[in-house]
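Student: Have a look at the structure that comes next, please.
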Amino acid sequence: MKFNDVDFETYFKHHPDKNGYFGKYGGSFIAPELQAAMDEITEAYFTICKSSKFISELRRIRKEFQGRPTPVSHLERLSASLGNVQLYAKREDLNHTGAHKLNHCMGEGLLAKYMGKKKVIAETGAGQHGVALATAAAYYGLECDIYMGSVDIKKQAPNVARMKILGANVIEVTHGLATLKEAVDAAFDAYAREYKDAIYCIGSVLGPHPFPMMVRDFQSVVGIEAREQFLDMTGELPDAVVACVGGGSNSMGMFSGFLNDPVDIYGVEPLGKGSKLGDHAASLTYGTEGIMHGFNSIMLKDENGDPAPVYSIASGLDYPSSGPEHAYLRDLGRVKYDVISDEEAIEAFFTLSRLEGIIPAIESSHAVAYGMKLAKTMGRGSVLITLSGRGDKDMDFVLEQYGMR
Ligand SMILES: *Cc1c(COP(=O)(O)O)cnc(C)c1O
């Protein structure tokens, strides 16, 4: 399928290009000593990860350890409550550890093992990426250093406990605001010192090349499975596909299965409390081009051009940029990006729980809310939603802040 002169038949051969660009977005903007490490990972990715041995081992791990394929569920009662459009969910909440992040962490961990590394390094904000990586590290017998701001360590006690139980070292970062940004810097510093024995594992389709490509490819299992399952269930493709976009990994995974199909694709960003800078984290909707954390993309900037403070009720969506491939697909018009507020997400959180017996993560509730809106405007057809994770982690907070609905 051709779209604005881009041939999606051969899209993955040319995106990213050999320097890691999706159009003008992406690339690698890092210190020279780290560039050598990135080049090593890129080289390893193209040789090791494309080998049949690696692919068959990862396939076995996905089946036997992660519990893949995760099912697609027809949301019958939710659909009936909205009209004639049929809604379906790809159930990443049923992936081991309860979210999609393990998909790329198991891939990155296996690559680390094949490269002969002893350790994986990452930062974490809310702790979701830290838990997924600690899980992979335990499985592969790798050491795991997770950098985390002291403010986040206090806020995210259950995830800190999980990481420690899984054998990871949670390293407290105390300088500056002691949150995610400082943790990213500390993790990169550590990586620059230790790259001979360690690999850095990013949490989404972000960062310098090759991470946006690598994480997309590991997450593409979501879209590939879902497309086949949907065809099998209904005999046709969905009319629309919807996923929430923080950094953009669960959405890129799903979208990669459908880019070459006549299917409308929607990425859903968090509007938080409103459209004023600081009240949301909808970077693709309100941001401008800029470089941060080693890559060029669309980002939300403060008056000095630095990453702006952002907010969302969903800590997994709370990031001032999104992956470069999303910025590219947005400019092309192949994917449409739109927003859902905290309030709408909360409403969807309760609706899906009540009507389907599935408690979604607040992040995923953004996609559910958008799917519900779309169903009302479409009149007929079908919508496939990525349910990126389960909502157990959010229950106490939702009840405390919003009460029972
Ligand atoms: C981290 C997270 C997200 C957001 O990350 P993406 O890279 O945009 O997918 C979404 N949903 C859940 C459940 C998460 O844990």
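Bear in mind that the values in this text are calculations on the coordinates, not laboratory data. These figures come from a predicted structure and were not determined experimentally. Here the Cβ is made from the backbone with ideal geometry for all residues, glycine too, and neighbour counts use every protein chain on show.
Student: Among A44, A361, A345, which one moves the most in a GNM of the chain with springs linking Cα atoms closer than 10 Å?
Tutor: Of A44, A361, A345, the Gaussian network model singles out A44 as fluctuating most.
Student: When the Kirkwood hydrodynamic radius is evaluated over all pairs of different C-alpha atoms of the stretch 106-166, what value in angstrom, to one decimal, is obtained? The partial results should precede the final answer.
Tutor: On the way: mean 1/r = 0.0865 Å⁻¹.
Value: 11.6 Å, from the Cα pair sum.
Student: Output the relative contact order of the chain, whole-number percent, from Cα pairs under 8 angstrom with separation of 6+ residues. Don't skip to the end; give the middle numbers.
Tutor: Numbers: 851 pairs, mean separation 80.1, N = 405.
Relative contact order comes out at 20 percent.
Student: Same structure again: Could you list I224, I202 so that the one with the fewest beta carbons within 10 Å of its beta carbon is first and the one with the most is last? Mind dumping the intermediate values first?
Tutor: Numbers: I224 16, I202 25.
Ranking I224, I202 by Cβ neighbours within 10 Å, fewest first, gives I224, I202.
Student: Just to check I understand the Karplus step: with θ = phi - 60° and J = 6.51 cos²θ - 1.76 cosθ + 1.60, what whole-Hz values come out for the stretch 384-398, glycine and proline as x?
Tutor: After applying 6.51 cos²θ - 1.76 cosθ + 1.60, I find 9, 10, 7, 8, 5, x, 8, x, 3, 5, 9, 4, 4, 4, 4 Hz.
Student: Considering amide H positions built from the backbone, and no H for Pro or chain starts, which residues 5 or more places from M299, or on another chain, come under 5 Å of its amide H?
Tutor: Residues meeting the amide H criterion: T288, E289, G290.
Student: Now for a different question. Can you put H129, H96, H104 in order, fewest other beta carbons within 10 Å first?
Tutor: Numbers: H129 26, H96 17, H104 29.
Fewest-to-most Cβ neighbours within 10 Å comes out as H96, H129, H104.
Student: Measure out, as a whole number of angstrom, how far apart the alpha-carbon centroids of the stretch 10-44 and the stretch 346-370 sit.
Tutor: 36
Student: Any number yet on Rg/Rh for the stretch 1-148, C-alpha, Kirkwood?
Tutor: On the way: Rg = 18.9 Å, Rh = 18.2 Å.
Across the stretch 1-148, the Cα-based Rg/Rh ratio is 1.04.
Student: What residues have an amide H closer than 5 Å to that of V173, excluding those fewer than 5 places away on the same chain, when H is modeled at 1.01 Å from N in the peptide plane?
Tutor: When sequence neighbours closer than 5 places are left aside, the close amide H contacts are M148, G149, S150.
Student: Of the trypsin sites (Lys or Arg not before Pro) in the stretch 137-242, which ones lie in a loop per DSSP and count no more than 10 other C-beta atoms within 10 Å? Before the final figure, lay out the partial values.
Tutor: Working: sites: K154, K155, R162, K164, K181, R193, K196, R216, R227; in loops: K196.
Listed in order of number, the matching sites are K196.
Student: Using every alpha carbon pair in the stretch 196-238, what percent of pairs falls into each 5 Å bin from 0 up to the bin containing the largest distance?
Tutor: 5, 21, 18, 15, 12, 11, 9, 5, 2, 2
Student: Determine, for E182, E325, the number of other Cβ atoms within 10 Å of each Cβ, and report the residues in order from fewest to most.
Tutor: On the way: E182 21, E325 26.
Starting with the residue having the fewest Cβ neighbours, the order is E182, E325.
Student: Additional query: Loop-only check: which GluC sites (Glu not before Pro) in the stretch 211-268 are DSSP coil with at most 10 other Cβ within 10 angstrom? Before the final figure, lay out the partial values.
Tutor: Details: sites: E225, E228, E236; in loops: E236.
Of the GluC sites (Glu not before Pro), the ones in loops of the stretch 211-268 whose Cβ has at most 10 other Cβ atoms within 10 Å are E236.
Student: With springs only between Cα atoms under 10 Å, which of E40, E57, E303 fluctuates most in a Gaussian network model of the chain?
Tutor: Taking springs between Cα atoms under 10 Å, the residue moving most is E303.
Student: Note down the net charge around H209, summing +1 for each Lys or Arg and -1 for each Asp or Glu among other residues with Cβ under 14 Å from its Cβ. Write down the numbers at each step before the final one.
Tutor: Numbers: positive: K18, K24, R216; negative: D17, D39, E40, E43, D217, E325.
Charge balance in the 14 Å sphere: -3.
Student: In the chain, what % of DSSP beta bridges are antiparallel (nearest 5)?
Tutor: Numbers: 17 of 51 bridges.
Taking every DSSP beta bridge within the chain, about 35 percent pair in antiparallel fashion.
Student: Next question, about the same structure. When a/c reaches 1.5 or more, the comparison of a/b and b/c decides; with that in mind, is the stretch 259-405 rounded, prolate or oblate per its Cα gyration tensor?
Tutor: oblate
Student: Can you list residues from other chains, or at least 5 along the same chain, whose modelled amide H is less than 5 Å from the amide H of I340?
Tutor: Counting only residues 5 or more places away or on other chains, the set is E269, L271.
Student: Hey, another quick one. Where a ≥ b ≥ c are the square roots of the eigenvalues of the C-alpha gyration tensor, would you call the stretch 191-349 rounded, which needs a/c under 1.5, or, failing that, prolate if a/b is larger than b/c, or oblate?
Tutor: Values: a/c = 1.89, a/b = 1.19, b/c = 1.58.
Verdict is oblate for the stretch 191-349.
Student: Past the 14 angstrom mark, what percentage of all C-alpha to C-alpha distances in the stretch 282-349 do you count? Before the final figure, lay out each step's value.
Tutor: Values: 1362 of 2278 pairs.
Result: 60 percent of Cα pairs exceed 14 Å.
Student: Which of rounded, prolate or oblate describes the stretch 304-380 when judged by the alpha-carbon gyration tensor and an a/c cut-off of 1.5?
Tutor: Numbers: a/c = 2.65, a/b = 1.40, b/c = 1.89.
Because a/c hits 1.5 or more and a/b fails to exceed b/c, the stretch 304-380 counts as oblate.
Student: Please work out how much length the chain gains when fully extended from D7 to M404, using 0.36 nm per residue of separation minus the C-alpha to C-alpha distance, in nm with one decimal.
Tutor: 138.1 nm
Student: Can you tell me the FRET efficiency between S81 and R193 if r is taken as the Cβ-Cβ distance and R0 is 60 Å, rounded to the nearest 0.05? Could you put the intermediate results ahead of the total?
Tutor: Values: r = 55 Å, r/R0 = 0.92.
The computed FRET efficiency comes out at 0.65.
Student: To continue, here is another question. Let's see if you can work this out: charge +1 on each Lys and Arg Cβ, -1 on each Asp and Glu Cβ, no other charges. What is the dipole magnitude of the chain about its Cα centre, in debye to the nearest 20? The partial results should precede the final answer.
Tutor: Numbers: 41 positive and 52 negative charges, 182 e Å.
The dipole magnitude comes to about 880 debye.
Student: Say the cut-off is 28 Å between C-alpha atoms; which of K63/K118; K196/K393; K276/K336; K50/K373; K24/K53 go over it? Walk me through the numbers before you get to the answer.
Tutor: Details: K63/K118 25 Å; K196/K393 36 Å; K276/K336 21 Å; K50/K373 40 Å; K24/K53 34 Å.
Over 28 Å apart, Cα to Cα: K196/K393; K50/K373; K24/K53.
Student: Can you give me the Cα centroid spacing of the stretch 75-128 and the stretch 130-199 in angstrom?
Tutor: 19
Student: Right, here's the next one. Translational diffusion coefficient, Stokes-Einstein: compute it for the stretch 33-105 using the Kirkwood radius over C-alpha pairs as Rh, at 20 °C and 1.002 mPa s, and state it as an integer in µm² s⁻¹.
Tutor: Working: Rh = 15.2 Å.
Reported coefficient: 141 µm²/s.
Student: Further, regarding this structure: Spelling out what I want: for every residue of the stretch 270-279, take phi, set θ = phi - 60°, compute 6.51 cos²θ - 1.76 cosθ + 1.60 (Karplus), and round to whole Hz; glycine and proline get x.
Tutor: x, 7, x, 8, x, 8, 6, 4, x, 9
Student: Something else about it: Top mean-square fluctuation among L177, L237, L259, Gaussian network model of the chain, C-alpha springs under 10 Å?
Tutor: L177
Student: Another question about this same structure. Mean 1/r over all different Cα pairs, inverted: what Kirkwood radius does the chain give, in Å? Write down the numbers at each step before the final one.
Tutor: Details: mean 1/r = 0.0476 Å⁻¹.
So the Kirkwood estimate lands at 21.0 Å.
Student: Sticking with this one: Once phi is turned into θ = phi - 60°, what whole-Hz ³J(HN,Hα) does the Karplus curve with 6.51, -1.76 and 1.60 give for every residue of the stretch 201-217, x standing for Gly and Pro?
Tutor: 10, 7, x, 7, 7, 10, x, x, 3, x, 4, x, 6, 5, 5, 4, 5
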